[in-house]
Amino acid sequence: MDFKKELSAYFKEHCLLNEPMGNHTTYRTGGKAEVYVYPQSSEEWSFVLKLARTENIPLRIIGFGSNILVGGKGLGGIVCSTKRMNQVAVQDCRVTAQAGAALDKVCEVAVRARLAGMEKLSGIPGSIGGAVYMNAGAFGQETFDCLEYVEAIDYEGRPAVLLKENLPHSYRHVEGIENYIVLGAGFSLEKKDFASLLETRNSILHKRIEKQPLDLPSAGSVFKRPVGDYASRLIDEAGLRGLSIGGAKVSEKHAGFIVNFNHATPEDIKNLMDEVKRQVKEKSGVELELEQILWGEFGL
Ligand SMILES: Cc1cc2nc3c(=O)[nH]c(=O)nc-3n(C[C@H](O)[C@H](O)[C@H](O)COP(=O)(O)OP(=O)(O)OC[C@H]3O[C@@H](n4cnc5c(N)ncnc54)[C@H](O)[C@@H]3O)c2cc1C
């Protein structure tokens, strides 16, 4: 049987064919995925992994698509969403969450349980799996600061528990994580008073609304922070705030963001990324490095 039919028969309503990735990414644009599935149980993961392995089909994992740009030519193979895995639990000073739980929900749960360590990650619009994969962070706090362990499965279908000390990590980078599918994570937090935690969370949510163009589709900061500087400052200095290509524009509110302001194609966004990079290099000599992840092929 053809792999699409096999996945359709197995996953039923949890399998979509020729699915536009604009429906699953915060840029709200992107080519079609050949197959888009929502595995939940370990049996479902084993099924899809075995099929991909034996038939040599490309397989990708997506959380909330808040750091991905998918090329207009689309994605062959399978995209697996973690959205059906969204349980969160608190026991004493530990919070555990499945990969598809919203990071912001986990931050809120921690704050309500009077646990400190994740409150500054409030408002990051990704999943736990994406946060672990990217070592997402903000306001001086990173996912790995309070991470204890990652529950994972490798592409051969072997389960693993990865301890933080065995996962070398740095700014927006975790070594070796690309060899695993993150199924969940445990965070070790510290007791603190509720009022101060809530105040930090609320002030961070407020700062995000104030500083970021949250009314338009984007995928957050396009580039990593260069050592000792800010990408947004360099972009601004190069006079690129408001620069547009097609329906994509360097945000006027936050020059580190590219926004989809008018039905941008993925190619509009990609071309704008390249243009910003080129002009910043020319004007300041700094080589900006992409933070966002490009999937598939771009071009007409
Ligand atoms: C408005 C806005 C503000 C943002 N602010 C911040 C910020 O302050 N700080 C910050 O760090 N980021 C920020 N981001 C970017 C983004 O939210 C983070 O990078 C987030 O961690 C991505 O999570 P995700 O679930 O959306 O991952 P996705 O975009 O779905 O995936 C990102 C990568 O992680 C991999 N991945 C996802 N889930 C899994 C899994 N379960 N197992 C294995 N691999 C997986 C994917 O394959 C992909 O390579 C912002 C984005 C937006 C739109």
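What is the dipole size for the range 88-211, taken about its Cα centre, with +1 at each Lys and Arg Cβ and -1 at each Asp and Glu Cβ, in debye to the nearest 20?
In total the dipole reaches around 460 debye.
Can you compute the modelled spin-label distance between LYS105 and SER41, with each label point 7 Å from Cα toward Cβ, in nm?
Output for this residue pair reads 2.1 nm.
Calculate the translational D of the range 192-300 in whole µm² s⁻¹ from Stokes-Einstein, where the hydrodynamic radius comes from the Kirkwood formula applied to all Cα pairs, the temperature is 20 °C and the viscosity 1.002 mPa s.
On the way: Rh = 14.9 Å.
Answer from the Stokes-Einstein relation: 143 µm²/s.
Got a sec? How would CYS93, CYS146 order by Cβ neighbour count within 10 Å, fewest to most?
Values: CYS93 17, CYS146 22.
With the sparsest Cβ surroundings first, the list reads CYS93, CYS146.
Counting each pair of different Cα atoms once, what's the Kirkwood radius of the chain in Å, rounded to one decimal?
Values: mean 1/r = 0.0498 Å⁻¹.
Kirkwood hydrodynamic radius for the chain: 20.1 Å.
Name the long-range amide H neighbours of GLY184: under 5 Å, sequence gap of 5 or more, or other chain; modelled H, no Pro or chain starts.
ALA99, GLU151
Between ARG158 and HIS173, what is 0.36 nm times their sequence separation minus the Cα-Cα distance? Round to one decimal in nm.
Full-extension gain reported as 3.1 nm.
Binned at 10 Å from 0, what are the whole-percent values of the Cα-Cα distance distribution for the range 131-280, short to long?
Reading upward from the zero bin: 10, 29, 29, 25, 7, 0.
In the range 139-185, which GluC sites (Glu not before Pro) fall in coil by DSSP and have 15 or fewer other Cβ atoms within 10 Å? List each step's numbers first, then the result.
Numbers: sites: GLU142, GLU148, GLU151, GLU156, GLU165, GLU175, GLU178; in loops: GLU156, GLU175.
The qualifying sites are GLU156, GLU175.
Describe numerically, in nm with one decimal, the distance between label points set 7 Å from Cα along Cα→Cβ at TYR10 and at ASP92.
3.9 nm
Quote the charge dipole size of the chain about the Cα centre in Debye, to the nearest 20; the model charges only the Cβ of Lys and Arg (+1) and of Asp and Glu (-1). Walk me through the numbers on the way to the answer.
On the way: 36 positive and 39 negative charges, 101 e Å.
Charge dipole of the chain: 480 debye, to the nearest 20.
Set the Förster radius R0 to 45 Å, insert the Cβ-Cβ distance between SER196 and GLU287 as r into 1/(1 + (r/R0)^6), and round the FRET efficiency to 0.05.
For R0 = 45 Å, the calculated efficiency reads 0.65.
Of LYS211/LYS249; LYS4/LYS50; LYS207/LYS253; LYS120/LYS191; LYS224/LYS270; LYS50/LYS164, which pairs sit farther than 18 Å apart, going by alpha carbon to alpha carbon?
Working: LYS211/LYS249 16 Å; LYS4/LYS50 14 Å; LYS207/LYS253 13 Å; LYS120/LYS191 15 Å; LYS224/LYS270 16 Å; LYS50/LYS164 28 Å.
Over 18 Å Cα-Cα: LYS50/LYS164.
Just so you know, all these numbers are worked out from the coordinates, no wet-lab data involved. Because the structure is predicted, anything quoted here is derived from the model rather than measured. Glycine also receives a Cβ, built like all others from the backbone with ideal geometry; neighbour counts cover every protein chain displayed.
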